[in-house]
Amino acid sequence: MGAGERFYLTTAIFYPSPKPALHSMFEAIGADMIARYQRLAGRDVRFLTGVDEHSANVERDAREQGIDPRQLIDPWATTWRETFERFEISADRFIRTTDDDHAVAAAEMVRRAQANGDVYQGTYSGWFCTGCNEFKTDQQLVDGRCPDHPRLDPQWLEESNYFFRLSAYQERLERLYVENPSFCEPPHFRNEVLGWLREGLRDFSISRSGATWGIPFPGDPDHRIYVWFDALTNYLTGAGFPGDQASLDRWWPADLHVIGKNITRFHCLYWPAMLMSAGLPLPRQVFAHGFMLDRGAKMSKTQGNVRDPDETAAVFGVEGVRYVVLREVPFDRDADVSTDGLVRRYNADLANDLGNLVNRTVSMSNRYLEGRVPPVATATADADLGIRDTAARIVERYHAAMADRHLDEALAAMMELAGAANGYAEGQAPWALNKAGETERLGQVLAVMAEACRLLGHLLAPVAPASARRIHEQLGVPVPYDERGAGSPGFDVLLAWGAGPENWQTGAAAPIFPRIELEPAS
Ligand SMILES: [Zn+2]
């Protein structure tokens with residue numbers, strides 16, 4: 001499937017802080033699983049992530065410390081990029097909105113909107129939340145405060161600014177959602193967007209005056225480009241806009257923007273209107289994910305319930321972290337995580353079901369067969385074909401879940417195959433076959449188990465690539481793609497039953513997911 005096609009996906013760009021917290025990494029980890037899945041499917045993938053650096057808060061913090069904003073932000077951006085690399089985020093580019101080519105792209109987007117008659121100067125007044133970086137309507141405020149930032153005082157601001165004529169795109173956006181509802185997924189977040197669309201669109205401010213931190217506004221040196229024409233344009237910068245036409249032809253429109261559910265308004269209403277104004281094609285889909293919660297509450301520094309990704313990885317390993325957060329938090333909605341819940345999930349799925357299956361398969365093959373696994377085609381008992389058919393059904397569910405971005409369901413399906421293969425092992429009892437001297441049947445049973453493990457390695461690779469590689473090494477199976485999943489012949493080839501090597505020889509067994517023995521703290 002999909003060989004030779006391209007797939008361009010992005011995360012949102014993140015507001016900078018000294019170091020990412022685990023709940024911020026969640027989006028990048030989920031998008032990375034999708035990127036790796038698409039590479040394994042045989043597609044040529046471009047994956048963009050990065051940081052949004054031109055916030056008023058950065059300018060203010062730098063001024064308070066008496067330094068240039070760049071001096072404040074450079075070490076933060078480095079830490080974010082290095083943390084992403086440690087967590088195997090296989091991005092092709094880590095974009096910073098202070099990058100030179102991005103300033104060119106953002107200015108060009110403003111110029112195109114100006115040329116199209118969509119920019120005018122006006123005065124805006126209203127309540128402004130410095131946490132969200134946006135004006136709030138009276139209906140959005142709760143007891144006069146931003147519900148997302150109840151500790152910040154909203155500020156009454158009057159500004160003479162440039163505005164983008166979003167209201168002129170009302171009908172075209174309505175038509176977009178009639179013709180292509182899946183532009184915004186999942187449906188429960190799309191319904192919010194449609195509600196805002198029904199209320200009627202308001203023009204939005206695209207410049208700030210008096211600031212020195214930010215991209216200069218075309219045609220007015222007293223203004224800087226403000227938030228959305230800067231931030232959203234990063235997706236175009238990453239595709240080569242405006243200067244590199246060959247790259248743009250290759251990568252634009254994006255196939256998928258992965259974002260948090262709190263910024264659907266901007267990605268699902270502002271962004272398509274900006275692209276229409278610029279005469280550019282729209283991305284194929286915006287997918288909004290939910291949040292990782294702590295006992296029902298949002299994770300934030302002010303709440304004091306932030307998880308450090310490296311401290312979490314010290315317990316679970318990087319790939320253990322990647323697996324448990326994507327398995328425990330359905331990508332399309334909010335869910336609680338707790339340390340003991342994550343430990344239970346890790347031990348049940350990775351240490352017991354999957355780890356144990358691989359370990360017993362490789363160990364028994366080495367002990368009983370001198371590592372020589374016969375062709376699985378010789379295994380034709382009902383139970384053998386039952387596992388083959390179960391695997392086929394599970395692979396289908398895995399792909400369907402990935403198509404819907406239901407990453408947790410894909411992982412659950414994968415673990416069902418591990419469970420079925422362990423059940424098969426119990427039922428066939430290769431240790432008893434060995435004792436009884438039934439060598440031929442013993443070989444068939446271990447061939448089925450090894451084949452199930454080979455498939456599981458490929459299904460695991462998008463979420464835990466290095467562990468998947470270790471599984472294949474221990475099995476003695478060549479891996480026809482690189483560490484990022486590139487170069488794959490596609491899932492149809494990888495997952496074909498019986499596609500294991502001729503003269504299959506298993507390697508040395510070693511535990512891949514050691515059990516976590518931890519007295520849970522919460
Ligand atoms: Zn806010």
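The values are calculated or read from the model by the stated rules, or taken from the named source; none is laboratory data. Not measured: the values here are computed from a predicted model. Note: ideal-geometry Cβ built from the backbone for every residue, glycine included; neighbour counts use all protein chains shown. These area figures cover heavy atoms from the full protein model, side chains too; ligands, DNA and RNA do not enter into them. Shrake-Rupley method; radii C 1.70, N 1.55, O 1.52, S 1.80 Å.
Given charges of +1 on the Cβ of Lys and Arg and -1 on the Cβ of Asp and Glu, with all other atoms neutral, how large is the dipole of region 382-522 about its Cα centre, in debye to the nearest 20?
That gives region 382-522 a dipole magnitude of about 200 debye.
Considering only S160, N133, V110, whose Cα is most displaced toward the positive end of the charge dipole of region 35-167, charges sitting on Cβ of Lys, Arg (+1) and Asp, Glu (-1)?
Among S160, N133, V110, the one farthest towards the positive end of the dipole of region 35-167 is V110.
Which stretch or stretches of region 60-83 have amide N atoms under 15 Å from the point lying 7 Å from E483's Cα along the Cα→Cβ direction?
Residues passing the 15 Å test: 82-83.
How large is the helix-only mean residue ellipticity at 222 nm for the chain, computed as the sum of -39500 (n - 2.57) over DSSP H runs with n ≥ 4, divided by its residue count, in deg cm²/dmol to the nearest 500?
Rounded to the nearest 500, the figure is -14000 deg cm²/dmol.
Quick check: the angle from helix 22-40's long axis to the longest principal axis of the chain, C-alpha only, nearest 10 degrees?
60 degrees
So what are the three principal axis dimensions of the chain from its Cα atoms, in whole Å, longest to shortest?
88, 48, 40
Taking amide hydrogens as modeled 1.01 Å from N in the peptide plane, which residues meet the under 5 Å criterion relative to D334, leaving out close sequence neighbours?
Residues meeting the criterion, in which the H sits 1.01 Å from N, are F291.
For region 339-421, what % of the accessible area comes from carbon and sulfur atoms, probe 1.4 Å?
48 percent
For region 67-192, what percent of Cα pairs sit more than 18 Å apart?
Taking all Cα-Cα pairs of region 67-192, the fraction more than 18 Å apart is 75 percent.
Using unit Cβ charges (K, R positive; D, E negative) and no other charged atoms, how large, in debye to the nearest 20, is the dipole of region 355-428 about its Cα centre?
With Lys and Arg at +1 and Asp and Glu at -1, about 260 debye.
Using a 7 Å offset from the Cα along the Cα-to-Cβ direction at both T302 and L152, what is the distance between the two label points in nm, to one decimal?
0.8 nm
At 1.4 Å probe size, with every protein chain present, just tell me what the per residue accessible area of region 42-87 comes to in Å².
Roughly 45 Å² per residue, with all protein chains present.
What area, in nm² and to one decimal, does the C-alpha convex hull of region 130-281 cast on average over all directions?
Result: 10.4 nm².
Farthest toward the dipole's positive end in the chain, which of N305, I471, I225, given Cβ charges of +1 (Lys, Arg) and -1 (Asp, Glu) about the Cα centre?
Most positive-ward Cα: I471.
Could you work out how far apart the two model spin labels at W196 and T439 are, taking each label as a point 7 Å from the Cα in the direction of the beta carbon, and quote it in nm?
With each label placed 7 Å out from Cα toward Cβ, I get 7.0 nm.
If one puts a single equal scatterer on every Cα of region 4-140 and applies the Debye formula without solvent, what log₁₀ I(q)/I(0) results at q = 0.10, 0.13 Å⁻¹?
-0.47, -0.76
Any idea what % of Cα-Cα pairs in region 354-478 are farther than 21 Å?
37 percent
How big is the charge dipole of the chain about its Cα centre, in debye rounded to the nearest 20, if each Lys and Arg gets +1 on its Cβ and each Asp and Glu gets -1 on its Cβ?
Once rounded to the nearest 20, the dipole reads 400 debye.
Among A486, L194, S55, which residue has its Cα furthest toward the positive end of the charge dipole of the chain, with +1 on Lys/Arg Cβ and -1 on Asp/Glu Cβ?
Final value for the positive-end residue is A486.
Using a 1.4 Å probe, what is the accessible area per residue for region 148-243, in Å²?
46 Å²
According to the Cα gyration tensor, what semi-axes, each the square root of 5 times an eigenvalue, does the equivalent ellipsoid of region 191-287 have, listed from largest to smallest in whole Å?
22, 21, 11
Just add up the charged neighbours of G214: K/R +1, D/E -1, any other residue whose Cβ is under 9 Å from the Cβ of G214.
Taking every Cβ under 9 Å from that of G214, the sum is 0.
For region 149-193 and region 256-317, compute the distance between their C-alpha centroids and round to whole Å.
Here the answer is 16 Å between Cα centres.
Using Cβ-Cβ distances only, list the Cys residues of the chain with no partner cysteine under 4.7 Å, sorted by number.
Isolated Cys, the chain: C453.
Of W156, W271, which has the most accessible area and how do the rest follow, probe 1.4 Å?
W156, W271
Bins of 5 Å, beginning at zero and ending with the bin holding the largest distance: percent of Cα pairs per bin for region 129-214, please.
Bin by bin from 0 Å, the calculated values are 3, 11, 17, 17, 20, 17, 11, 4, 0.
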